[in-house]
Every structure is written in C-alpha cells, then in structure tokens.
Protein chains: 2
Amino acid sequence: MAKAGPDKSTTKGGSYHHGALREALVDKALEILASDGVDNISLRSVAKAVGVSHTSTYRHFANKDGLLTAVATAGFLDLAAEIEEAYGTAATLQEQRLETAVAYCRFACANPNLYKLMFSSFLKDKDGEEALNNAMNETFRRCEQLGRQDAEARGAGAEQQGLAGVAAWVVVHGAASLAIEGILEKAASGNVERDRLIRRVLQSLYEI
Amino acid sequence: MAKAGPDKSTTKGGSYHHGALREALVDKALEILASDGVDNISLRSVAKAVGVSHTSTYRHFANKDGLLTAVATAGFLDLAAEIEEAYGTAATLQEQRLETAVAYCRFACANPNLYKLMFSSFLKDKDGEEALNNAMNETFRRCEQLGRQDAEARGAGAEQQGLAGVAAWVVVHGAASLAIEGILEKAASGNVERDRLIRRVLQSLYEI
DNA sequence: CACACAATGTTACCATTGGCAACATTGAAA
DNA sequence: TTTCAATGTTGCCAATGGTAACATTGTGTG
C-alpha cells in the first residue's frame, strides 16, 4: 500500500537519512494496526519497527494523531479505489448501488482495525486536515451519488434526492460496522458466509 | 445516572472506606467522558475526581478496560430505557419504528462520546462480559423486533424477517454515527435542525 | 466482647508512552 | 567549499496503567 518512493533505506547500510520515512512510517503503522490493533500502536513501536528513533516521527507529523490521521487518509484512498473498481464493473444502477456497498463492507471486514480508525478520525481535526477531508469526500461521493440517482429514478424531488444520498452513507456505514462486529452472522439463521450475508442484508434494505 | 447506592462518602468526613466506590467511579467516568472526551479519561483522573487513589479502582475493575466496559454497559441500559419509552408512546408499527430510531439517534447525539465508547467496546471482550452483552441485547431487541414485524406485515418470509431485523440495526447505528459527526447537516440543503433532519433521513429509508 | 480475616483503600515503585529540547548528520544551494 | 535547512538522535520529563506490599475497617465467630 502506498509504496511509491525510492526507499533509500536499502541503498546504503547505515544511512543517517532514511529518504522516505514518512511513507515508511505510515506503511508500518498500517501493518501494526492490522496485526496488533489500534490500542497497540505507539509512536515508539512504529518507529522501532521502521528502525528509527521515535522522535524522528515529529519531523513528519505534528504528533501521534497526525500519524494516525495519515494512516486513516491512506485507508480512505484505498477504500475509494475499491469502490470505484466495483462501480466500474457493474452495469445497471441497481447493480452499481449494491456492488459498491458490498465492496465497502468487504473492505471494512478485511481491515477492521483500519476501518475503525478511519471512522474514529472523522471528527478529530474535522476542519483542519485537508488531505483527510479530500480522501473522505472521494470515498463517499460515489455512494451518495448512487443514492441520489436511485431516488431520482424513482421520481423523487431534489430534497428527497439529497436525503437518499445521505441514506446511502447510513446504510453502508451501518452495515460495515455491524459486519465487522460479527453481528450479521449472529443474527443469521444458518451457516451463511459473511459476504453472501452482507449482500442479502443490503438487498433487503434496497429493495423494500 | 445509576445513582442507587447509599453513597456513604457523605456520611462521614474522611471515612477510609467509600462504600459505593464502584458506582461513584462509573458515574464520574461518565461525567469526564461527556465533558473531556474518551482520550482524556484515565484511571487516575477518574479516581482523583472521586477523591480516591487510582489503584483503588483495581478492587472493583480488573483494569481500565473493565471500568470502560462498565461505563459502556451503563450507557446501553440508559439507551435501552429511552428506546422503550419511545416505543411506549407510539401507536402504530410504523410510528414505533420511526420513534424508536429517532430516540436512538437522539441519545447518540446527546452523548456522542459515550455512544462511541459503547460501540467501540462491542468487540473487546465480546464473549467475556456478561453484563455488557445483556445490556446490548436489551438495547437492540426492540429495534430488531420492529424490523422483523415490519417485514412480516409486508408478507415477507422467515428469512427475510431475520434480515429485516438486522437491517434495523444497520439503519439506526448508521444514522446515529453520521448524525454524531454532523454529516447529516453537511449534506442537507437548508438550515434544518438536526432532530428534524434525522427524522427525514429515517423516513426516506423506511418508506422507499 | 475479643479476635481473626476478608474486603477495601493507600503508598511506594516500575515500564511504557507522548512529547520537548538540544545536539548530530547530511544533502544541496550559494 | 561553505553554509544552512532538513532530517535524525540522544537525553530528559510528566502522565499513565499496572503490580506489590502495607494500612484500615467492617464483620462474623469463638
């Protein structure tokens, strides 16, 4: 994820300057987040895993929240990409709505700790972090648009379309959150795989 | 909230034994959580506010998570009570569905930090904490039931009813989460008060 | 009533963590 | 070549969660 820089850490054995430390920190933080959970992420653990002193992080992030915000931003960009891919492979509006929502939930289930971090970072620096806001908008724009279009196709007015756009957020976030917690399985009767279960719940919401 | 014990702290000036420390700690934690946010809750700050050494908390909770779990449990019980009240004052099934959902969102908006803590405690000791599980079930039972009943009224089969029950969770949690973050307002056109906005979004979800 | 004891609370004490300040190293511009 | 801004390091500090040993108190039992 987000591997773009030259990664000079491999060019020379003990080079004092890392070269792409910021990205390396974000990547390692993503790893640690996925494996050890959000409670076990510390500036020191991330820095140590990268092989750098923990205070070097302050050359790239204002504080720990800054690092976590960058991690969340990377997550939103990844999620947005997966949504767009699902959108691209669907044909009809109904399919697009369902498949983007499924992709959203699939991402959340595949990266539960990251997803929770992403959503918990929502309001922290709400108006302060430009990159985070952009990534968020990028992520939800498609969901909202599909919700609006669906309302429009049903002949709803402008206000109803706006509400339907928000409702699309509501559905995907709610479904993803419950899916992560394993509540869908708990509520299901038989042994249904999660992916299929998510589809059914979403369909039940979209078709009624 | 949860004020039931004798509160012996007022009976004698400097009594060594508090008498109802556990409840006092939970209550103070609720206060601090509401005013200072979840990041500013520490065992020490809570204990200090109660006027007790921070290690005394370990006589009543296994660790910090134990205290937070108790706080979350208290939150779920409060929420369940408000849902039941809303349920009691509604007449038709549709009204019950809407009003319980509105009550749910109103609680989340009135106690945003608590609500986030409640939901973040979901999976921590999922199978370990009996009280938390009971409070959770108490909270969501009504929502799920109303979702099922609505599906039944529409002539859906047993499986569809189960999915509709889960879908009810999805909707209320999603709506509450976005309402807390102020996303509903952001997506709305005019200057609509939040309570009214939540109603409309929920109606748009329930009626389509 | 005396006394043992379990329950509850307190005082050291420790490792970890986020963060600051001062210093070290390096690449690049002048 | 020299200078300097960028980047990374060590030393340090306060706050925090947690453990261990000790202090206090209510309570049941002889």
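The values are calculated or read from the model by the stated rules, or taken from the named source; none is laboratory data. In this text the structure is predicted, and so the values were computed from the model without any measurement. All Cβ positions, even for glycine, are placed from backbone atoms using ideal geometry, and neighbour counts span all protein chains on display. Each accessible area value is taken on the protein alone, full model and side chains, heavy atoms only, with ligands, DNA and RNA left out. Shrake-Rupley method; radii C 1.70, N 1.55, O 1.52, S 1.80 Å.
Contact map, region B:159-179: residues that are not assigned by TED's automatic domain parsing to the domain that holds B:Asp195 paired with residues that are part of a helix (DSSP H, G or I) and surrounded by fewer than 24 Cβ atoms within 10 Å (Cβ to Cβ), Cβ distance under 7 Å, separation 6+ or inter-chain. No pairs are found.
Here A:Arg200 meets the list (1) among the charged types (D, E, K, R); (2) buried (at least 17 other Cβ atoms within 10 Å of the Cβ); (3) in contact (Cβ under 8 Å) with a residue 12 or more places away in the chain almost entirely, failing just condition (3). Among the conditions (1) open to solvent by less than 60 Å² (accessible area, probe 1.4 Å); (2) within 14 Å of chain A (Cβ to nearest Cβ); (3) within 16 Å of DNA strand C (Cβ to nearest atom); (4) modelled with pLDDT of 95 or more, the only one that B:Gly37 does not satisfy is (4).
On inspection, B:Leu25 passes the criterion of being more than 8 Å from DNA strand C (Cβ to nearest atom) and either away from chain A (no Cβ under 14 Å) or open to solvent by 20 Å² or more (accessible area, probe 1.4 Å) (or both).
For A:Val166, indicate whether it is more than 22 Å from B:Met136 (Cα to Cα), β-branched (Val, Ile, Thr) and more than 7 Å from chain B (Cβ to nearest Cβ). No. The set of residues in region A:169-184 that are aliphatic (A, V, I, L, M), within 7 Å of chain B (Cβ to nearest Cβ) and touching a Lys or Arg at 6+ places or on another chain (Cβ under 9 Å) contains only A:Leu184. Tell me which residues, restricted to region A:40-53, are over 15 Å from A:Leu30 (Cβ atoms) and open to solvent by 50 Å² or more (accessible area, probe 1.4 Å). Listed by number, the residues that qualify are A:Arg44, A:Lys48, A:Gly51, A:Ser53.
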